[in-house]
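The values are calculated or read from the model by the stated rules, or taken from the named source; none is laboratory data. As the structure is a prediction and not an experimental result, all values here were calculated from the model. Positions of Cβ are backbone-derived with ideal geometry, glycine not excepted, and every protein chain shown enters the neighbour counts.
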Amino acid sequence: MERAVSLLVEWLVGATLIDRIMETEFIIVLVTVPSQEIGRQIALSLLEKKLAACVNIVAGVQSLYIWQGKLCDEQEVLLIIKSRMALFASELVPAIQAIHPYEVPEIIALPLVHGSQDYLAWLSEMTHSK
């Protein structure tokens, strides 16, 4: 754990956090969908296009949010997508939106700050680079 913290501090020194996040090659994308069927369609599409290396489909997510002035309490499915930062805006988001039934789907990316070298090499091999 100390080594991981040391690496993270070392990584952040000399640049702003935003700069470092933007330099991150890999991302974790979170997307909520109304059903496992829609989630599976999105996952298969992303994998076939090499826009994602892996998509976890997590059922049973309860989402509470305000939509058009009303409180919503919905059962949804969460997609956890492993991809590349370079693909996010130009390819990944449009590919999700082409299938997703929501007017404003949740599509958010988090930087993958650190991972095992073997996993990151596999992620790189499974996704196309820009």
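Key figures for this structure:
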{"item": "Cross-chain or 6+ apart pairs with Cβ under 7 Å, segment 84-108 first and surrounded by fewer than 16 Cβ atoms within 10 Å (Cβ to Cβ), then assigned to a loop (DSSP other than H, G, I, E, B)", "result": "Gln97/Pro105; Pro101/Pro34"}
{"item": "Residue check for Ile66: surrounded by fewer than 17 Cβ atoms within 10 Å (Cβ to Cβ), within 25 Å of Ser129 (Cα to Cα) and without any contact (Cβ under 8 Å) to a residue 60 or more places away in the chain", "result": "no"}
{"item": "Number of the condition not met by Gln75 [criteria: (1) exposed (fewer than 15 other Cβ atoms within 10 Å of the Cβ); (2) out of contact with any Gly (no Cβ under 8 Å at 6 or more places or on another chain); (3) at pLDDT 95 or above]", "result": "(2)"}
{"item": "Condition check for Lys82: modelled with pLDDT of 95 or more and part of a loop (DSSP other than H, G, I, E, B)", "result": "no"}
{"item": "Ser90 assigned to a helix (DSSP H, G or I), out of contact with any Leu (no Cβ under 8 Å at 6 or more places or on another chain) and under 12 Å from Ala53 (Cα atoms)", "result": "no"}
{"item": "Qualifying positions in segment 21-43 - β-branched (Val, Ile, Thr) and under 15 Å from the mean Cα position of the chain (by Cα)", "result": "Ile21, Thr24, Ile27, Ile28, Val29, Val31, Thr32, Val33, Ile42"}
{"item": "Complete set of residues in segment 93-130 that are within 30 Å of Trp67 (Cα to Cα), assigned to a helix (DSSP H, G or I) and touching a strand residue (DSSP E or B) at 6+ places or on another chain (Cβ under 8 Å)", "result": "Val93, Ile96, Gln97"}
{"item": "In segment 109-130, the residues that are surrounded by 12 or more Cβ atoms within 10 Å (Cβ to Cβ) and among the small types (Gly, Ala, Ser)", "result": "Ala109, Gly115, Ser124"}
{"item": "Residue satisfying all of: in segment 109-123; touching a residue at least 24 places away in the same chain (Cβ under 8 Å) and small (Gly, Ala, Ser); farthest from Glu48 (Cα to Cα) among these", "result": "Gly115"}
